[in-house]
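Taking it in order: structure first as structure tokens, then the write-up.
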């Protein structure tokens, strides 16, 4: 499994290709661009976890590339590399999603350390965004099903299927988040993630499932639904 997808934009071919090769050896998937316009096209068309870009190159005048990337891919971290550092450019980076401002020539060990940190944070952020979208959709569907009464109301099997799908989806989100954090020094076990500030929303999703199952147990008299509720309650107790 790749450690992340990185885009490097630099008009110095030797630096571009050598850095890309070194990062590939570390387990990253790397794409390259020699100017800002090509880099922007790739960012728009593909999904990346990090952009590494030269400060002085065609298409990045006055940080034009970084500003455009922030507009089309909000949150994508950027590492700036430059052989001509200045207070003006450093200050401008403060207002943009710049994870690091490094001066060439840069030691690869330092670059790799910054890359690992930036990719880990961004993949964790994106995993939590996906989980939040799932949570909102889950609650909407439950509310819609619970509101239906009389002829044509959903069957117990339909409700069970939705409940299981949502629970499995939440567990998948936890697994993806755990993988996203795998490169960090801290061992991020799924139980720790569920108890963190934002990960607790996934716990709330399971709690909501239990509450809906309890509220509808008389309408949907099903042994399977009752067993599911008991298992979910047990999961919450141990979390």
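When the chain is fully extended, how far beyond the present Cα-Cα distance does residue 44 get from residue 117, taking 0.36 nm per residue of separation?
Working: separation 73, 0.36 × 73 = 26.28 nm, distance 2.32 nm.
Using 0.36 nm per residue and subtracting the Cα-Cα distance, I get 24.0 nm.
Here the translational diffusion coefficient of region 5-106 follows from Stokes-Einstein with Rh set to the Kirkwood radius across Cα pairs; for 10 °C and 1.306 mPa s it amounts to 119 µm²/s. Residue ranges 18-28, 72-82 sort as 72-82, 18-28 when ordered by packing (mean number of other C-beta atoms within 10 Å per residue, highest first).
The packing ranking of peptides 60-67, 107-114, highest mean first, is 60-67, 107-114, where packing means the average number of other beta carbon atoms within 10 angstrom of each residue.
Every number here is computed from the coordinates shown, using simple stated rules; none is lab data. Fair warning: this is a prediction, and the values are worked out from it, not measured in the lab. Quick reminder, even Gly has a Cβ in these numbers, built from the backbone with ideal geometry, and neighbours come from all protein chains shown.
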